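Notes for the one structure printed next.
A short reminder: the numbers here are calculations on the coordinates, not readings from a lab. The shown structure was predicted, so the numbers you read here are calculated from the model rather than taken from an experiment. Positions of Cβ are generated from backbone atoms using ideal geometry, with glycine treated the same way; all protein chains shown enter the neighbour counts.
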Amino acid sequence: MDWKIKTFNELTNVELYTILQERTAVFVVEQNCPYLEVDGKDIDSYHLFAEKAGEISVYARLLPAGISYAEASIGRVLVKKDYRGQGHALDLLNKAITFIRDELKEPAIKIQAQSHLEKFYASFGFKSISSEYLEDGIPHIDMLLTFS
């Protein structure tokens, strides 16, 4: 896989189009959640993705502190259907956490995780900090990872 991390202004038109296409396919169509997927936060975010065979196979949006929360955040985490179950989500999260900790020098990461993925995120050290709640009809939980 060819991994890349880019600011919004570094993305090519084709990369941006493909990222938005994949995010809409997963979060709006596959999860049947009509919501404003393009929410204005992409411009201030970093975009971590891998390409394989000309496709975006995995993606995450990395948000510096102050964009979504007081802490840095990871969002829009996706693995395209054809690439699921192959360990790519582990690689993606490891790369995202390392970038936020080592490059952005952030002391913590807050995420809004789908509840069924709580154990997955906990395996990286995230701790639940909220009760379960519905977001766009899907059960979620807020989680926090702090670096010592």
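Computed quantities for the displayed model
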quantity	calculated
Yes/no for residue 131 being in contact with an Asp or Glu (Cβ under 6 Å, 6 or more places away or on another chain), among the polar types (S, T, N, Q) and surrounded by fewer than 19 Cβ atoms within 10 Å (Cβ to Cβ)	no
Flag if residue 146 is of a type outside the set (D, E, K, R), within 14 Å of the chain's Cα centre (by Cα), surrounded by fewer than 17 Cβ atoms within 10 Å (Cβ to Cβ) and more than 21 Å from residue 23 (Cβ to Cβ)	no
Residue that is nearest to the chain's Cα centre (by Cα), among those in region 5-36 that are closer than 24 Å to residue 104 by Cα and of a type in the set (Ser, Thr, Tyr)	7
When residues of region 106-123 are limited to those that are charged (D, E, K, R) and surrounded by 15 or more Cβ atoms within 10 Å (Cβ to Cβ), the one nearest to residue 71 (Cα to Cα)	110
Long-range neighbours under 9 Å by Cβ, at least six apart or interchain, first residue under 15 Å from residue 1 (Cα atoms) within region 72-98, second in a strand (DSSP E or B) and among the acidic types (Asp, Glu)	80/55; 82/55; 83/55
